[in-house]
Amino acid sequence: MKLETILWIGVTAYFTLIGALYWAVGGDPTGTSLLLMATGLGGLVAGWSWDWRRRHGERPEDRVDADASDETGVVGVYPTASLRPLALALGMTATVLGVVLGSWMLIAGVAIIASQLALLVRDTDG
Amino acid sequence: MNLTVAPPLTDQADDIERVWNAVLVAAIVVGVLVVGLVCYIVMRYRRRSSTLPRQLRENIPVEIAYTIVPLLIVAALFTVTFVSVRAIDDVADAEDTDLVVDVTAFQWQWRFEYPDGAVTITGTDDVIPELVLPASSTVRFELHAVDVIHSFWIPGFRFKRDMFPGRTGSFSVDVGEEIGTYAGLCAEFCGLDHHKMDFAVRVVPADDFERWLDERRSEAGA
Amino acid sequence: MTTIERPDEDQRLYSVDDFVGPPGTLPSGLPRTLVGWLTTTDHKALGVLYAITSLVFLAIGGALAGIIRTELAEPGLQVVDEATYNSVFTIHGSVMVYLFAVPFGFALANYLIPLQIGAPDLAFPRLNALSYWLYVFGGAIMLLGFVTDGGAAGFGWFAYPPLSGPIGSPGLGADLWIVSIILTGTSGTLTAVNVISTITMMRAPGMTMFRMPILCWNLFLTSFMVLLAFPVLTGALIMLEADRRFGTDFFDPTQGGSPILYQHLFWFFGHPEVYIVALPFFGVVTEVIPVFSRRPIFGYKGLVLATLTIAALSTSVWAHHMFVTGQVVLPFFAATSFLIAVPTGVKVFNWIGTMWGGSISFEPPMLFAIGFLVTFIAGGLTGVMLASPTLDFHLSDSYFVVAHLHYVMGGTVIFALFAAIYFWWPKVTGRMLSKRLATVHFWLMMVGFNLTFFVMHFLGRDGMARRVADYEPVDGFERWNLVSSIGMVVLTVSFLPFVVNVVWSLRQPPTAGADPWEANSLEWATSSPPPEHNFTWLPPIRSERPVFDLRWMNHEDVSATGTTEAWTARSDHDSRWLPLHPFTDDHDVEPRADSRPDADTGATTT
């Protein structure tokens, strides 16, 4: 996780520097704000990476001498076929389209999203 | 009026043309070298046997070289650009300006107004408007857009400037000595008849310009 | 396929088929029913769906381009009226960028990332499927504009207000366009989250970041850029829609709003966007060239650094699209725009360095990779020219820019795209495509592409603006427009051998085998097509080309250091079949026990 952490810290540092530089050479407020907000984006993930590494240390995929047998047993639950994504996409589409086409569609969309989210929670391991 | 490849009409356009010629040559040279290298490699190293070639993974000196050399090239290009843009992007002082023309763009025509609003030229569906300019003079353009974003492009100037509703843009040029009629057009997509927003730029000798201005004034006024 | 010398048994080269069994041993993991396809969350199925859908959009975008070129072949409005033409080029650009180029990159990400890093799927399979369906629905909505009264959106793919505002474009088509991109933008953002999570958390043991295929690096960094850029566009479009429908005035200058605000927001997205399009295809080429040059990628770490630099700089060049507004800091953006040429050039030299001293064969993927190189170099050079405001003042918004953008897009989403298709076709379908038809395809495409777009450089220089429905005979633009339109015909025809090839290939039995190209990365270590959850077995991972190392395991001077060691460290029982991660895909099933074989009896406990 060391490289990933360094990468995200680098992203954060880059945006701080370039945002400051842009402001200094007379950059517009929009661009400056966007660059500085990007610092927030980088910082968020950098912070998470740092913390994860602090708590979990190195993993088999970070070691140059690891082999497949270093990671056996259950690795994770990978949901296969599910109706949720299609239905949720329909709900989200109806919602955004409803903003343009009319509140009947917006309400239907929101209802679909809500029900699908409830079902998703049910589907997921508790 | 033949509108292809107008010659540079202003001093700034001359500068730009010089930069263009230099950069074009540089680009062609680099392109020919690199593409030539690819073609050479493709011929020289085509598979002739089943022997595995030497598995070279890196060569730090070479990699550094082909990072530094392009860096130097773009640094040179940037310097040339920086110097030339300062010359072009200038708006001349009031005392150096010989003529100020107000240019208004609206969907989908142009209006040119000469000093004191005395002379106004507006294009119509059938007649494209003509912007008459005196040779060997410094002209400042004040740009206004009424409805959407337009762009004032005179290829002979090698220059265009977008026109934003709600603000006045301006730029100056030192018109050269090329006499003739050249193309002008809107370069920012502005809707239905964007492609019809042409105008003509007619550069005339300075005296002829004064005469033209007087003629138009008397037509309009009296 | 070239044969390789096999002198003695203990010097012999391995073949992946030795380990995963002959073709057809394992069932393909792809769904078999319509419902299966509608509810799948498997990254391979979704990758295939993304690819097919984006190619359908390519056809639609191409048809629209056909209308444009037919109209522009001669002066006069022969084919469509102005309003229709304006919708045609708007949707052409929008479809190509939002619905074809970027989604095909996601197709690659979906299908290949888990396979290349040794994972069973992407990190969030249902989120992945959600992304796909949002893309499909969003795409359909954009096209729906054509059946509305006012026609589809007709304000150019940038959608600059005030033209795209409530007064400039009052029709429903414009609102549908905005809705469409909000949906597809969300789709992309979610995929980026998925990709970053997968690459960070799900690599196989030994697959360090610096052993990942460059394609994965590129998709990883592309996802950084997506996270940064897409939400900005979504925000800008929400503001635009609010202006249109809810009485706000973000971009209305008569009410104190600012059109240039939109441009800053749009291009802050728009420039990373074009690198989001390009980077996956750079990755493709970085996979293909080493395989067909029989060399490792030259300068792996340099390539990673170059890609990182490109990704970073791409967020800092946006206003070079706004040089002609007279309202941006010219030196800053000129400097960053010139700078970004340097890492791009480094990548080109790395690809050339890979080929230098290699043993190059001209299989279809390599042909198209070379086509990419040549085309992209041309596009990159005109890009450097445009980076200079001095030159951009004349060339911006002209056909010179159209030429430039199609050369860089052409290099990437035309040539490199087909390099990808021809390269991974055997892996996805288990069948080979005909080399002869592919060669015809390649040459027709090279000729057609260059005829269509090269002459546009002249048109731009001569003063032809972009987005014009028509031009006058007196403009002098006829000759090159006609040449370009003829080129378009050749380019269109070039797709025919490809279509025939696809149909022919799908009718062959699936006999390609796991590793038909004798390639490098992990996806070639499993059957073609891969089984559900991808791997029944993994080779040792000691470099960025584990499958190459596997084939050359008997030659310690060739395979990566530590490969043979790791191999012999595995016990005799598990050298052929080591069931890897047992996966539960049903939350009711108990986790299976440790699957390592019993040292005494050799029996596994599962």
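The values are calculated or read from the model by the stated rules, or taken from the named source; none is laboratory data. Just so it is clear, the structure is predicted and the values come from calculations on it, not from any experiment. Backbone-built Cβ (ideal geometry, glycine too); neighbour counts: all protein chains shown. We work out accessible area using only protein heavy atoms, side chains counted, and drop any ligands, DNA or RNA first. Shrake-Rupley method; radii C 1.70, N 1.55, O 1.52, S 1.80 Å.
Of all residues in the stretch C:134-163, those being farther than 18 Å from C:ASP81 by Cβ, within 14 Å of chain A (Cβ to nearest Cβ), touching a Phe, Trp or Tyr at 6+ places or on another chain (Cβ under 7 Å) and not hydrophobic (A, V, I, L, M, F, W, C) number 1. Filtered by the rule that a residue be at the interface with chain C (Cβ under 7 Å from one of its Cβ atoms), surrounded by fewer than 20 Cβ atoms within 10 Å (Cβ to Cβ) and part of a helix (DSSP H, G or I), the stretch A:91-126 gives a lone residue, A:VAL100. The lone criterion from (1) buried (at least 18 other Cβ atoms within 10 Å of the Cβ); (2) out of contact with any helix residue (DSSP H, G or I) (no Cβ under 6 Å at 6 or more places or on another chain) left unmet by A:VAL74 is number (1). Just one residue in the set B:ALA6, B:ALA105 is open to solvent by less than 30 Å² (accessible area, probe 1.4 Å) and assigned to a loop (DSSP other than H, G, I, E, B); that residue is B:ALA6.
Within the stretch B:131-185, the set of residues being among the aliphatic types (A, V, I, L, M) and under 22 Å from C:ASP470 (Cα atoms) comprises B:VAL148, B:ILE149, B:ILE154, B:ALA183, B:LEU185. In the stretch A:11-35, the residue that is least open to solvent (accessible area, probe 1.4 Å) out of those that are more than 8 Å from chain C (Cβ to nearest Cβ) and closer than 30 Å to C:CYS216 by Cβ is A:GLY19.
Of everything listed in (1) at the interface with another protein chain (Cβ under 7 Å from one of its Cβ atoms); (2) hydrophobic (A, V, I, L, M, F, W, C); (3) in a loop (DSSP other than H, G, I, E, B), the single unmet condition for B:VAL127 is (1). One residue stands out in the stretch C:337-381 among those that are under 30 Å from B:GLY169 (Cβ atoms) and surrounded by 23 or more Cβ atoms within 10 Å (Cβ to Cβ): the one that is farthest from the chain's Cα centre (by Cα), namely C:PHE338. The condition (being open to solvent by 20 Å² or more (accessible area, probe 1.4 Å) and within 26 Å of the chain's Cα centre (by Cα)) is satisfied by just one residue among C:PHE449, C:PHE495: C:PHE495. Scanning the stretch C:443-479 for residues that are part of a helix (DSSP H, G or I) and either away from every other protein chain (no Cβ under 13 Å) or under 29 Å from B:LEU192 (Cα atoms) (or both) yields a count of 23. Can you pull out every residue in the stretch C:347-381 that is farther than 16 Å from C:PHE281 by Cβ and charged (D, E, K, R)? Across the stretch C:347-381, the qualifying residue is only C:GLU363. Being touching a residue at least 40 places away in the same chain (Cβ under 8 Å), farther than 25 Å from C:VAL284 by Cα and among the β-branched types (Val, Ile, Thr) is the requirement here; does C:ILE181 meet it? Considered against the rule, which asks whether it is touching a residue at least 40 places away in the same chain (Cβ under 8 Å), farther than 25 Å from C:VAL284 by Cα and among the β-branched types (Val, Ile, Thr), C:ILE181 comes out as yes.
With respect to (1) surrounded by fewer than 24 Cβ atoms within 10 Å (Cβ to Cβ); (2) more than 14 Å from chain B (Cβ to nearest Cβ); (3) farther than 30 Å from C:GLY562 by Cα, the lone exception for C:SER258 is condition (2). Somewhere in the stretch C:39-62, is a residue open to solvent by 50 Å² or more (accessible area, probe 1.4 Å), in a helix (DSSP H, G or I), under 26 Å from C:SER528 (Cα atoms) and free of Cβ contacts under 8 Å to residues at least 12 places away in the same chain? Yes, that holds for at least one residue. Entry remark, the stretch C:352-385: residues being part of a loop (DSSP other than H, G, I, E, B) and at the interface with chain B (Cβ under 9 Å from one of its Cβ atoms) number 6 in total.
Restricted to the stretch B:47-69, and to residues there that are of a type in the set (Ser, Thr, Tyr) and outside any helix (DSSP H, G or I), the residue that is nearest to the other protein chains (Cβ to nearest Cβ) is B:SER50. Checking each residue in the stretch C:292-348 for being farther than 24 Å from B:TRP153 by Cβ, more than 9 Å from chain B (Cβ to nearest Cβ) and without any contact (Cβ under 8 Å) to a residue 24 or more places away in the chain picks out C:ALA312, C:SER316, C:PHE332, C:THR336.
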